[in-house]
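Visitor: My questions will all concern the structure given below.
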Amino acid sequence: MAGRPSWTLDPVTSSWLYGVLDPKGEFTGDNIAYVYPDNVTAYVGRFDRGIMTEAKPASVIYRSQKNGILDVKFQIEDDRTFSCEPSTHDSFGNAPMVPDIYEAKMVYPAQSNIPGAGEGLFVREKVPPRTLLSFYNGMRFPVDLEFNNDLYAFDEDMKLTVKAYTIKLGSDEDFYIDVPFEAGIDRSIYCASLGHKVNHSFKPNCRYSVMQHPRFGRIVTVLSTKTIEKDEELFCNYGYDPSKNVVPKWFRELYKKQYG
């Protein structure tokens, strides 16, 4: 990259942007990189103010720092191009059948160790705490829209079933993410991200957070909270409150067993 490159770190995920800033101090140009926290997996190409518009999968092949200047060299891995295309209420957005290049290195789906839970998500290698592991993308719906109320007005169990893969980003966000039930259980419908495969536990080894993903935009992410061994299943605490919300039957039973 010509000129003096700059870089900025995401404090939540430890991903970073790298490249020569434009005259306005923005990561805009044809040779900008987004690097995942393994410091190897990357996208390199065209970015506009830090947003990926046309970039290819790449790997970091050289990295050094001298006098406060970071020097990084990349190798393009294939000719596929990707852009940031957030989902909508009726679309998963960017390439819904193409797995995220980092997530595919970190985790894999398989039959959960919890009886009756279907698939779970497992880590490929031993990881330390605060490791970015998975992404929770899905369709986007306004927080004030309860689209199942009319469809299942008299069937609370069905309402909960169709919202099995619904998650809110946080109190400051005006939308929530939903993976339709069929897509949540069938990876032949959607497999670009796998965070919805993480099952619940009152003794979790992961937690949810929020990030700006290069392909999916602002989404939920899954971070480890402790050391996790190779091939160990990932769990988050779903945080349901039976005293305030209608919750699935399986959660009520687990909650009663845990807390009485």
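One line per residue, one yes/no per condition, for (1) of a type outside the set (Phe, Trp, Tyr); (2) part of a strand (DSSP E or B); (3) farther than 15 Å from Met106 by Cβ:
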{"site": "Glu173", "(1), (2), (3)": "yes, no, yes"}
{"site": "Tyr176", "(1), (2), (3)": "no, yes, yes"}
{"site": "Lys203", "(1), (2), (3)": "yes, no, yes"}
{"site": "Tyr208", "(1), (2), (3)": "no, yes, yes"}
{"site": "Arg215", "(1), (2), (3)": "yes, no, yes"}
{"site": "Val220", "(1), (2), (3)": "yes, yes, yes"}
{"site": "Leu223", "(1), (2), (3)": "yes, yes, no"}
{"site": "Lys226", "(1), (2), (3)": "yes, no, yes"}
{"site": "Tyr238", "(1), (2), (3)": "no, no, yes"}
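Visitor: Do any residues in region 230-247 that are under 9 Å from His200 (Cα atoms) have Cβ atoms under 9 Å from those of residues that are at pLDDT below 85 and part of a loop (DSSP other than H, G, I, E, B), where the two are at least six apart or on different chains, and which pairs are they?
Guide: Correct list of pairs: Tyr238/Val247.
To keep it simple, each residue is scored yes or no on (1) among the aromatic types (Phe, Trp, Tyr); (2) under 25 Å from Gly25 (Cα atoms); (3) free of Cβ contacts under 8 Å to residues at least 60 places away in the same chain; (4) open to solvent by 60 Å² or more (accessible area, probe 1.4 Å).
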position	(1), (2), (3), (4)
Val44	no, yes, yes, no
Thr53	no, yes, yes, yes
Ile61	no, no, yes, yes
Lys66	no, yes, yes, yes
Ile69	no, yes, no, no
Arg80	no, no, yes, yes
Glu85	no, yes, no, yes
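Visitor: Quickly run through region 233-253 and pick out the residues that are open to solvent by 70 Å² or more (accessible area, probe 1.4 Å) and either more than 21 Å from Tyr176 (Cβ to Cβ) or not hydroxyl-bearing (Ser, Thr, Tyr) (or both).
Guide: Ser243, Lys244, Asn245, Val246, Lys249, Trp250, Arg252, Glu253
Visitor: If Glu54 satisfies all but one of (1) modelled with pLDDT of 95 or more; (2) within 22 Å of Tyr165 (Cα to Cα); (3) acidic (Asp, Glu), what's the number of the condition it fails?
Guide: (2)
Visitor: Determine if region 168-179 includes at least one residue that is under 27 Å from Val123 (Cβ atoms), open to solvent by 40 Å² or more (accessible area, probe 1.4 Å) and at pLDDT below 90.
Guide: Within region 168-179, one or more residues are under 27 Å from Val123 (Cβ atoms), open to solvent by 40 Å² or more (accessible area, probe 1.4 Å) and at pLDDT below 90.
Visitor: Kindly provide the set of residues from region 1-34 that are open to solvent by 20 Å² or more (accessible area, probe 1.4 Å), part of a loop (DSSP other than H, G, I, E, B), of a type in the set (Ser, Thr, Tyr) and under 22 Å from Val220 (Cα atoms), ordered by number.
Guide: Correct list: Ser14 only.
Visitor: Name the residues in region 178-201 that are assigned to a loop (DSSP other than H, G, I, E, B) and closer than 13 Å to Ala164 by Cα, would you?
Guide: Applying the first criterion (assigned to a loop (DSSP other than H, G, I, E, B)) to region 178-201 yields 179-180, 186-194, 198, 201.
If the condition is that a residue be assigned to a loop (DSSP other than H, G, I, E, B) and closer than 13 Å to Ala164 by Cα, then Val179, Pro180, Val198 are the ones that fit.
Visitor: Give the number of residues within region 101-121 that are modelled with pLDDT under 95 and open to solvent by less than 50 Å² (accessible area, probe 1.4 Å).
Guide: Residues in region 101-121 being modelled with pLDDT under 95 and open to solvent by less than 50 Å² (accessible area, probe 1.4 Å): 2 in total.
Visitor: Among (1) more than 24 Å from Gly170 (Cβ to Cβ); (2) crowded, with 20+ Cβ neighbours inside 10 Å; (3) not hydroxyl-bearing (Ser, Thr, Tyr), there is one condition Val98 misses while meeting the rest; what is its number?
Guide: Exception for Val98: condition (2).
Visitor: Here is a check on your reading of the model: is Pro128 closer than 26 Å to Ala58 by Cβ, open to solvent by 30 Å² or more (accessible area, probe 1.4 Å) and within 14 Å of the chain's Cα centre (by Cα)? Steps first, answer last, please.
Guide: Details: closer than 26 Å to Ala58 by Cβ: yes; open to solvent by 30 Å² or more (accessible area, probe 1.4 Å): yes; within 14 Å of the chain's Cα centre (by Cα): no.
The answer is no for Pro128.
The values are calculated or read from the model by the stated rules, or taken from the named source; none is laboratory data. Keep in mind that what you see is a predicted model, and the values were worked out from it rather than measured. Methodologically, a virtual Cβ is constructed for each residue, glycine included, from the backbone with ideal geometry; neighbour enumeration extends over all protein chains shown. Note: areas computed on protein heavy atoms with side chains; ligands, DNA, RNA excluded. Shrake-Rupley method; radii C 1.70, N 1.55, O 1.52, S 1.80 Å.
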